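Encoded as structure tokens, the structure appears first; notes follow it.
The values are calculated or read from the model by the stated rules, or taken from the named source; none is laboratory data. All of these numbers come straight from a predicted model, not from anything done at the bench. All Cβ positions, glycine included, derive from the backbone under ideal geometry; neighbour counts span all protein chains shown. These area figures cover heavy atoms from the full protein model, side chains too; ligands, DNA and RNA do not enter into them. Shrake-Rupley method; radii C 1.70, N 1.55, O 1.52, S 1.80 Å.
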Amino acid sequence: MNRGCVIGCILLLIAGFVGADSISSSIMCDGASWVSSSVIGQGQTYAAHFFTTSIASLMRDLQVIDGSVKTVTVADSTGPMGFDEYSGQAMNQTPAHTGCLFEISENRTNTQDEITYTGLMMTGVYASSRDLKSTRTSGTTMVNGTGMILARASSQDQTNETFHASDVAGRLNMTERIIFGGEE
């Protein structure tokens, strides 16, 4: 058995005892690549699909630790590239009351957050990070290249609603940071 296989098996065993899920990948190609990943948890959803062609690199890191989801993605392609990245979260911001069994559900403050980026580029770089925690949804996205990007973000609770949309086409360089709820 070769040494790399033994080290890989040991790392997989250690990762199993940590109590967290983690997926990391690095792809360099002179052809085509398709990458998809998703996390569906209690009140949290993350889904991403990427494709690249020509000479390209795609690096992904996805971690699910103690009820939070963290992702980092960097895609760089000299040819066509497409992406569709969604993160959403539904939270209950009302603290749990331990003394009452017959609690009225209407007294809860529910929040729903969503961040979506969809794009098709002729060439360029797409870099993003997403962080879904129990009290906050945040995302940073940086795009540089030629193509079209459609970005949507929304946050809604019983008293407020926030909506954001960006549609960019042509030669572009855009950076957006979105934080819903909680403190940084």
Filtering segment 131-174 down to residues that are among the charged types (D, E, K, R) and either assigned to a loop (DSSP other than H, G, I, E, B) or modelled with pLDDT under 90 (or both), which residue is most open to solvent (accessible area, probe 1.4 Å)?
-> Lys133
Taking only segment 51-73 into account, find how many residues are of a type in the set (Val, Ile, Thr) and open to solvent by 50 Å² or more (accessible area, probe 1.4 Å).
-> 3
May I ask you to list the residues in segment 33-76 that are polar (S, T, N, Q), in contact with a Gly (Cβ under 7 Å, 6 or more places away or on another chain) and closer than 26 Å to Gly145 by Cα?
-> Thr53, Ser54
